Amino acid sequence: MFARIVLSTVAAAMAAGLVWQMAEAQQKVEPKGVVAYRIAVMRTLGAQMLAIKTALTETPEFEDNLVWHAQIVHDASKLLVDLFPKGSNEAPSAALPVVWEKWSEFEAAAKRLEELSAKFVEVAKNGDPQATLAAFGQLGKEGCSSCHDTFRKKQG
Amino acid sequence: MPRIARALAVLAGAATLATVAAGAATVDPAARGETLFHIGGCVNCHTAKGGATLAGGDPLRTPFGTFHPPNITPDPETGIGSWTLADFVRAMREGRAPDGMPYYPAFPYTSYHRLTDEDLADLFAYVRSLPPVQKRTPDHDLRFPYNLRFGLYLWQWLFHDPQPFVPDPAKDPLWNRGAYLVLGPGHCAECHTPRNWLGALDTTRLFAGNPAGPGGDKVPGITADPENGIGRWSRDQLAFYLKVGMRPDGDFAGGEMARVIENGTSRLADEDRLAIATFLLSLSPP
């Protein structure tokens, strides 16, 4: 029996190693079509969030631009669901099949970003950096991370 | 460790803990326990999605089978309402039930054993202050031979050393606080370290990342390695990631880490996040 445990564990480890190597190989593929477009839009979101954080914590001279960045996030949030036509997760996409298995939950996650970013635009307009930073944290955790948590492959 | 070094370590530890505790001395134990409860991530496993707090978690699927994290509310019948503090300390430190049976390391007592006596008492006080919920959870559904709990006596003998955290006297209090939070309650190694074929952490590759983490997916390394770790992150960037989940490139955390941040590290004091970042960025790659 001991030998069986050893063998099955070794086999499992080898299979895991193989899957891992395949995943590694996948990362080398350049994204195309819908996947490339969607990744570009997501990176636009990331760039706005980084700009907002930098303006709030390091470069107050750009604080006047906060509303502009916030508005881009809000406008883009309305595009998200259309970037995920059924089954569009060919390599190297990190979108999980659960996007389409739980489509209404996915739509709700995009809606959540839409609502939070609308609220964030208003907070940014008020011009209180402390309040804006707090709202930024909520936007990131509940707007971005909570969707990545369920619908995106882990960033190994 | 030679006895003198150990005595020094204990002294330094007492000093560190005294400083840490000084600010909180007036607060009641349950309030102090709340911070430990958050960074301990108890909710991530013991609360089902949409379910009552700590009344039993969603099934945890592993290569050994499926675990059903039990109800740990203060309900005397279906939870841990009849437990004494000594029972709780034994579970968290030794990984043993009140009747002496060993627990599976799916319950990360393999990290929690590092909590100090004071912190375990505070955590117990907090858990006891939550509402009791009467709810039975299903038995684990494990494959043979893993379903034989007594096999864990051997496992624990091989891999489990139930000692509390010993601070490193050569390092400053901030580093030691970070080491304590990461290695103890934060149980960060449980996901970020590869495991050997018996499911024990490979301590020679601590925080080097795990090719087969929870759910079988890859978990990134978090040593100061610039390629396979977070060596390019500044301490402030890392502390900010632990607060809101934003990586230095503007991307936001997902996977289990989103929950570790939401339920855990985002609820810590700024000083504690800085401590964690200080410790992690001091780790050279294995």
Using a 1.4 angstrom probe, figure out how much accessible area chain B has per residue, in square angstrom, rounded to the nearest whole. 49 Å²
Of the candidates B:LEU115, B:TYR146, B:ALA125, the farthest towards the positive dipole end of region B:101-147 (Lys/Arg Cβ +1, Asp/Glu Cβ -1, centred on the Cα centre) is B:TYR146
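Considering only protein heavy atoms and a probe of 1.4 Å, how much of the accessible area of region B:167-286 is carbon and sulfur, as a whole percent? Don't skip to the answer; put the middle values down first.
Working: 2600 of 4930 Å².
For region B:167-286, the apolar C and S fraction of the accessible surface comes to 53 percent.
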Whole-number Å³ per residue for the convex hull built on Cα positions in the protein assembly as shown: 166 Å³
Using θ = phi - 60° and the Karplus relation 6.51 cos²θ - 1.76 cosθ + 1.60, list the HN-Hα couplings for region A:103-119 in order, rounded to whole Hz, with x at every Gly or Pro. 4, 5, 5, 5, 4, 5, 5, 5, 4, 4, 5, 4, 5, 5, 6, 4, 5
Shielding of A:46-52 by partners, i.e. mean partner chain Cβ atoms within 10 Å per residue? 4
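Suppose all protein chains stay in the model; what accessible area per residue would a 1.4 Å probe give for region A:31-151, in Å²?
Numbers: 6080 Å² over 121 residues.
Per residue, region A:31-151 has an accessible area of 50 Å².
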Cα pairs beyond 32 Å in chain B, in percent, come to 23 percent
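Want the number for B:ALA269 to B:THR204: 0.36 nm per residue separation, take away the alpha-carbon distance, what's left?
Numbers: separation 65, 0.36 × 65 = 23.40 nm, distance 3.08 nm.
Separation in residues times 0.36 nm, less the Cα-Cα distance, equals 20.3 nm.
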Could you please state how large a percent of the accessible area of region B:28-164 is carbon and sulfur, counting protein chains only and using a 1.4 Å probe? 57 percent
Taking Cα centroids, how far is region A:105-156 from region B:257-286 in Å? 21 Å
Apply the Karplus curve 6.51 cos²θ - 1.76 cosθ + 1.60, θ = phi - 60°, to the phi angles in region A:129-138 and return the couplings in whole Hz, x for Gly and Pro. x, 4, 5, 5, 5, 5, 5, 4, x, 5
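How big is the Cα convex hull of region A:31-156 in projection, averaged over all directions, in nm²?
Result: 7.6 nm².
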What is the spin-label model distance, in nm, from B:ASN196 to B:VAL27 if the labels are put 7 Å beyond Cα along the C-beta direction? 3.9 nm
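Hey, what's the Cα Rg ratio for region A:40-110 versus the globular rule of thumb, 2.2 N^0.38 Å? Could you put the intermediate results ahead of the total?
On the way: Rg = 15.2 Å, N = 71, 2.2 N^0.38 = 11.1 Å.
Normalised Cα radius of gyration, region A:40-110: 1.37.
Just to verify a number: FRET efficiency for B:ARG61 and A:GLU122, C-beta to C-beta distance, R0 = 45 Å, to 0.05?
Details: r = 42 Å, r/R0 = 0.94.
Efficiency at R0 = 45 Å is approximately 0.60.
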Given Cβ charges of +1 for Lys and Arg and -1 for Asp and Glu, the option among B:ILE72, B:GLN134, B:TRP155 whose Cα lies farthest towards the positive end of the dipole of chain B is B:TRP155
Counting only protein heavy atoms, probe 1.4 Å: which residues of region B:184-229 lose 50 Å² or more of accessible surface in the full assembly compared with their chain by itself? B:TRP197, B:LYS218
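Dipole of the protein assembly as shown, Cα-centred, from +1 at each Lys and Arg C-beta and -1 at each Asp and Glu C-beta, to the nearest 20 debye?
1020 debye
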With unit charges on the beta carbon (Lys/Arg positive, Asp/Glu negative), name the residue among A:ALA135, A:VAL67, B:PRO169 whose Cα is farthest towards the positive pole of the charge dipole of the protein assembly as shown. B:PRO169
Label-point separation (nm) for B:ASN147 and A:ASP75, each offset 7 Å from Cα along Cα-to-Cβ? 6.0 nm
If I model a spin label at A:GLU115 and A:SER88 as a point 7 Å from the Cα along the Cα→Cβ vector, what separation in nanometres do I get? 2.6 nm
What is the magnitude of the charge dipole of region B:28-164 about its Cα centre, with +1 placed on the Cβ of each Lys and Arg, -1 on the Cβ of each Asp and Glu, and no other charges, expressed in debye to the nearest 20? 420 debye
What is the distance in Å between the Cα centres of region B:41-100 and region B:113-147? 3 Å
Taking every residue in B:272-282, how many Cβ atoms of other protein chains lie within 10 Å of its Cβ, on average? 0
Non-local amide H neighbours of B:GLY56 (under 5 Å, H modeled in plane, Pro and chain starts lacking H): which ones? B:ALA48, B:ILE72
Calculated from backbone phi, Karplus (6.51, -1.76, 1.60) coupling profile of region B:57-71 in Hz, x at Gly/Pro: x, 5, x, 9, 8, 9, x, 8, x, 10, 9, 10, x, x, 5
Roughly how large is the B-A contact in terms of buried accessible area, totalled over both chains, probe 1.4 Å, nearest 100 Å²? 2500 Å²
Long-range amide H contacts for B:VAL219: which residues qualify at under 5 Å (H placed 1.01 Å from N, peptide plane, sequence gap of 5 or more or a different chain)? B:ASN210, B:ALA212, B:GLY213
For B:ILE80, other-chain or 5+-apart residues with amide H closer than 5 Å (H placed, Pro excluded) are B:THR73, B:ASP75
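The values are calculated or read from the model by the stated rules, or taken from the named source; none is laboratory data. Everything numeric here is computed off the predicted structure, so don't read it as measured data. Positions of Cβ are backbone-derived with ideal geometry, glycine not excepted, and every protein chain shown enters the neighbour counts. Surface accessibility is based on the protein's heavy atoms, side chains included, excluding ligands, DNA and RNA. Shrake-Rupley method; radii C 1.70, N 1.55, O 1.52, S 1.80 Å.
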